1. If you check E46 against the conditions, is it under 18 Å from T96 (Cα atoms), of a type in the set (D, E), open to solvent by 50 Å² or more (accessible area, probe 1.4 Å) and within 11 Å of the chain's Cα centre (by Cα)?
2. Being surrounded by fewer than 16 Cβ atoms within 10 Å (Cβ to Cβ) and on the phi < 0 side of the Ramachandran plot is true for just one of K52, K9. Which residue is that?
3. For K81, are the conditions met, namely being on the phi < 0 side of the Ramachandran plot, modelled with pLDDT of 95 or more and out of contact with any strand residue (DSSP E or B) (no Cβ under 6 Å at 6 or more places or on another chain)?
4. Taking interchain pairs and intrachain pairs at least six residues apart, which have beta carbon atoms under 8 angstrom, with the first residue in the range 27-42 and closer than 19 Å to L66 by Cβ and the second in a helix (DSSP H, G or I) and open to solvent by less than 40 Å² (accessible area, probe 1.4 Å)?
5. What is the residue count in the range 28-62 for residues that are assigned to a strand (DSSP E or B), closer than 26 Å to T79 by Cβ and not polar (S, T, N, Q)?
6. Which of the residues spanning the range 78-98 are farther than 12 Å from L31 by Cβ and either open to solvent by less than 40 Å² (accessible area, probe 1.4 Å) or of a type in the set (S, T, N, Q) (or both)?
7. Considering the range 65-77 alone, what residues qualify as being out of contact with any Phe, Trp or Tyr (no Cβ under 9 Å at 6 or more places or on another chain) and open to solvent by 20 Å² or more (accessible area, probe 1.4 Å)?
8. Before we move on, is D61 surrounded by fewer than 16 Cβ atoms within 10 Å (Cβ to Cβ) and acidic (D, E)?
Amino acid sequence: GNAADLYYKKFQVVGTGHDVALEGKNVNFNLGSDGPATLSVPDGVEVRVPRKNEVVIAGKDKEKVLDFCGQVQGLKKDTGKEGVRRVGKGLRQVETLDPTYEKKLKLIGVGYRAAVKGKTIVLNLGYSHP
């Protein structure tokens, strides 16, 4: 595929008793006093839950991604203390969802590397074998 052919959006689920889990084609949210909610992942959309309070939505079809983002965002308004919070503005474009740590290295740079010495060591070892 072309470079940056996935549209990508990240949300955080914020607050006490709030979390998210991926189970097959279902995304299960716990929304504190609002209780649980489940969204089914539509065709053409990929969902990842890298942490129990983060959900990543991606796909090649911008409209589908935006539509599902709207559903996720609509589950619970971000009050500042709790709710579904967008990370960043608009959609990002990425080449792939899987090697996320490389993307983070590129995006955040030095601060990130300093914070994750373990991964940096591994990466450097990788480069020492031509």
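1. yes
2. K52
3. Taking the combined requirement at face value, the residue does not satisfy it.
4. As it stands, the answer is V27/V72; L39/F68; L39/V72; V41/F68; P42/F68, since those pairs meet every condition given.
5. 11
6. Result: Q93, V94, T96, L97.
7. D67, G70, Q71, G74, K77 - these are the residues of the range 65-77 that are out of contact with any Phe, Trp or Tyr (no Cβ under 9 Å at 6 or more places or on another chain) and open to solvent by 20 Å² or more (accessible area, probe 1.4 Å).
8. yes
The values are calculated or read from the model by the stated rules, or taken from the named source; none is laboratory data. Because the structure is predicted, anything quoted here is derived from the model rather than measured. In this analysis, Cβ positions are derived from the backbone assuming ideal geometry, glycine residues included, and neighbour counts consider all displayed protein chains. Heads up: the accessible areas ignore ligands, DNA and RNA and are worked out on the full protein's heavy atoms, side chains in. Shrake-Rupley method; radii C 1.70, N 1.55, O 1.52, S 1.80 Å.
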